[in-house]
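Note sheet for the following structure.
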Amino acid sequence: MADAAEQKTGEACIIDGKAFAAGLRATVGAKVAKVKSEHGLTPGLAVVLVGEDPASQIYVRNKGKQTLEAGMNSYEFKLPDTASEDEVLTRVEALNADPDVHGILVQLPLPEQVNEARILDAIDPAKDVDGFHVINVGRLWTGLPSLVPCTPQGCLIMLKDTLGNLTGKKALIVGRSNIVGKPIAQLLLREHCTVTLAHSRTQDLAAECRTADILVAAVGRPQMIRGDWIKPGATVIDVGINRVPKEGEDGKTRLVGDIHFGEAVKVAGAITPVPGGVGPMTIACLLNNALIAACRQAGVDVPD
Ligand code: GUN
């Protein structure tokens with residue numbers, strides 16, 4: 001069982017994403033120190049934030065802080081909510097051309113006047129640390145080296161550490177987004193899982209879920225997946241981050257996942273909590289992608 005998973009009597013192992021993320025950040029930091037000293041290469045990660053969305057502002061602040069802590073250069077660009085698509089494109093093109101910037105992330109969602117697909121398409125695929133560019137998506141699905149989306153990468157690391165070999169496991173993913181559902185399906189297929197990609201129109205979703213050795217919930221619906229939907233002993237990864245009102249405390253909120261944790265923890269073999277599960281892994285994987293992108297651009301091997 002994973003170092004970062006804690007066994008509780010009679011309940012599922014809680015997969016500690018914070019501990020996994022801290023470990024990965026430390027590993028990335030050590031590798032950054034190595035490429036700096038051996039090759040004079042300091043990876044640089046640029047984040048573009050358009051508008052004032054409070055959740056996005058928090059993410060961007062955390063990304064900047066953790067980028068610096070890993071020993072990389074961090075560049076932040078804030079554009080107003082009213083920025084035009086051309087203004088965002090101009091910023092992306094400048095970052096594509098900047099040799100000190102090895103990774104570019106445009107924080108989503110974008111304001112409605114800015115076409116997301118056009119912006120993602122404008123990012124140099126070699127600098128696309130989100131792995132959202134069609135070139136990287138195509139490379140991932142055809143088994144070529146690519147930059148792999150961060151949240152799915154984090155889920156896979158925790159699954160492999162918890163279960164070891166995933167070959168032959170039945171994996172069910174609820175949610176078919178480009179950011180999580182589709183790429184995690186491909187990553188699990190690569191690990192020789194039998195993969196089902198379920199969604200809002202899947203018939204008898206509860207029955208489908210009950211067949212899964214690995215259940216990944218990425219649907220954005222608070223506590224939708226109940227305890228009796230889960231196969232006893234299954235490994236459950238909850239990607240959902242939903243803010244809901246705190247009972248009995250007017251105006252206060254709390255974070256919950258897409259899984260009903262209180263019920264699921266009694267049935268699953270292992271489960272990620274929200275918060276403290278998948279979330280912290282996403283930024284750690286982003287730093288890892290920035291390091292990989294920098295090494296590839298500089299023509300040096302990523303240190304072991
Ligand atoms: N907004 C929420 N999650 C993400 C992410 O992983 N990447 C980007 N670019 N925006 C996001």
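The values are calculated or read from the model by the stated rules, or taken from the named source; none is laboratory data. Worth saying up front: this structure is predicted, and the values here are computed from it rather than measured. Here Cβ is always computed from backbone atoms with ideal geometry, including for glycine, and neighbour counts include all displayed protein chains.
Could you list, in sequence order, the residues of the range 90-101 that are part of a loop (DSSP other than H, G, I, E, B) and either surrounded by fewer than 20 Cβ atoms within 10 Å (Cβ to Cβ) or within 14 Å of the ligand (Cβ to nearest atom) (or both)? If you could, list the steps in order and put the result at the bottom.
First, the residues of the range 90-101 that are part of a loop (DSSP other than H, G, I, E, B): 98-101.
Passing the criteria: D98, P99, D100.
Check the range 284-302 and report whether any residue there is within 16 Å of the ligand (Cβ to nearest atom) and within 18 Å of I214 (Cα to Cα).
Looking through the range 284-302, none of the residues is within 16 Å of the ligand (Cβ to nearest atom) and within 18 Å of I214 (Cα to Cα).
Identify the residue in the range 102-125 that is of a type in the set (V, I, T) and either part of a loop (DSSP other than H, G, I, E, B) or exposed (fewer than 15 other Cβ atoms within 10 Å of the Cβ) (or both) and, among all such residues, is farthest from the ligand (Cβ to nearest atom). Walk me through it before giving the result.
Within the range 102-125, the first condition is being of a type in the set (V, I, T), and the residues that meet it are 104, 106, 114, 119, 123.
Adding the requirement that they be either part of a loop (DSSP other than H, G, I, E, B) or exposed (fewer than 15 other Cβ atoms within 10 Å of the Cβ) (or both) leaves 114, 123.
Values: V114: 13, I123: 10 Å.
By that ranking, first place goes to V114.
When you scan the range 192-208, do you find a residue that is under 30 Å from C295 (Cβ atoms), hydrophobic (A, V, I, L, M, F, W, C) and in contact (Cβ under 8 Å) with a residue 40 or more places away in the chain, even just one?
No, because not a single residue in the range 192-208 is under 30 Å from C295 (Cβ atoms), hydrophobic (A, V, I, L, M, F, W, C) and in contact (Cβ under 8 Å) with a residue 40 or more places away in the chain.
Out of all the residues in the range 278-304, which are of a type in the set (A, V, I, L, M) and in a loop (DSSP other than H, G, I, E, B)?
Pass one, the range 278-304, residues of a type in the set (A, V, I, L, M): 278, 281, 283-284, 286-287, 290-294, 298, 300, 302.
Correct list: V300, V302.
Would you mind finding the one in A185, A217 that is closer than 23 Å to N288 by Cβ, within 19 Å of the chain's Cα centre (by Cα) and free of Cβ contacts under 8 Å to residues at least 60 places away in the same chain? If you could, list the steps in order and put the result at the bottom.
Details: A217 fails: closer than 23 Å to N288 by Cβ.
Answer to the check: A185.
Does the range 179-211 hold any residues that are surrounded by fewer than 15 Cβ atoms within 10 Å (Cβ to Cβ) and in a loop (DSSP other than H, G, I, E, B), and which are they?
H192, H199, S200, R201, Q203, D204, T211
Would you check which residues across the range 169-190 are charged (D, E, K, R), more than 16 Å from the ligand (Cβ to nearest atom) and within 13 Å of W141 (Cβ to Cβ) and list them?
Across the range 169-190, the qualifying residue is only R190.
Go through G71, G64, G131 for me and flag whichever is within 20 Å of M281 (Cα to Cα), away from the ligand (no atom under 13 Å from the Cβ) and in a loop (DSSP other than H, G, I, E, B). Working first, answer last.
Values: G64 fails: in a loop (DSSP other than H, G, I, E, B); G131 fails: away from the ligand (no atom under 13 Å from the Cβ).
Sole residue among the options that is within 20 Å of M281 (Cα to Cα), away from the ligand (no atom under 13 Å from the Cβ) and in a loop (DSSP other than H, G, I, E, B): G71.
Just for the range 74-89: of the residues that are among the aliphatic types (A, V, I, L, M) and over 19 Å from D128 (Cα atoms), which one is nearest to the ligand (Cβ to nearest atom)?
From the range 74-89, those among the aliphatic types (A, V, I, L, M) are 79, 83, 88-89; that's our starting set.
So of that shortlist, the ones also over 19 Å from D128 (Cα atoms) come out as 79, 83.
Numbers: L79: 14, A83: 16 Å.
Step by step, filter the range 74-89, then rank; the result is L79.
T142 is checked against (1) away from the ligand (no atom under 16 Å from the Cβ); (2) in contact with a strand residue (DSSP E or B) (Cβ under 7 Å, 6 or more places away or on another chain) and fails just one. What number does that condition carry?
Every listed condition holds for T142 apart from (2).
Could you look through the range 37-61, keep only residues that are within 13 Å of I283 (Cα to Cα) and buried (at least 21 other Cβ atoms within 10 Å of the Cβ), and pick out the one that is nearest to the ligand (Cβ to nearest atom)?
The selected residue is V47.
Could you run through the range 132-159 and say how many residues are over 26 Å from A270 (Cβ atoms) and in contact with a Pro (Cβ under 6 Å, 6 or more places away or on another chain)?
Number of matching residues: 3.
I need a count of the residues in the range 1-24 that are modelled with pLDDT of 95 or more and buried (at least 19 other Cβ atoms within 10 Å of the Cβ). Steps first, please.
First, pick out the residues of the range 1-24 that are modelled with pLDDT of 95 or more: 12-24.
With buried (at least 19 other Cβ atoms within 10 Å of the Cβ) added as a condition, the list becomes 12-17, 20-21, 24.
Total meeting the criteria: 9.
List the residue pairs whose Cβ atoms are under 9 Å apart, where the first residue sits in the range 141-154 and is farther than 17 Å from Q297 by Cα and touching a residue at least 24 places away in the same chain (Cβ under 8 Å), the second is small (G, A, S) and more than 16 Å from the ligand (Cβ to nearest atom), and the two are 6 or more positions apart or on different chains.
Close Cβ pairs satisfying both conditions: P152/A185.
How many of the residues in the range 212-229 are more than 16 Å from the ligand (Cβ to nearest atom), in contact with an Asp or Glu (Cβ under 8 Å, 6 or more places away or on another chain) and not in a strand (DSSP E or B)?
Here the count works out to 7.
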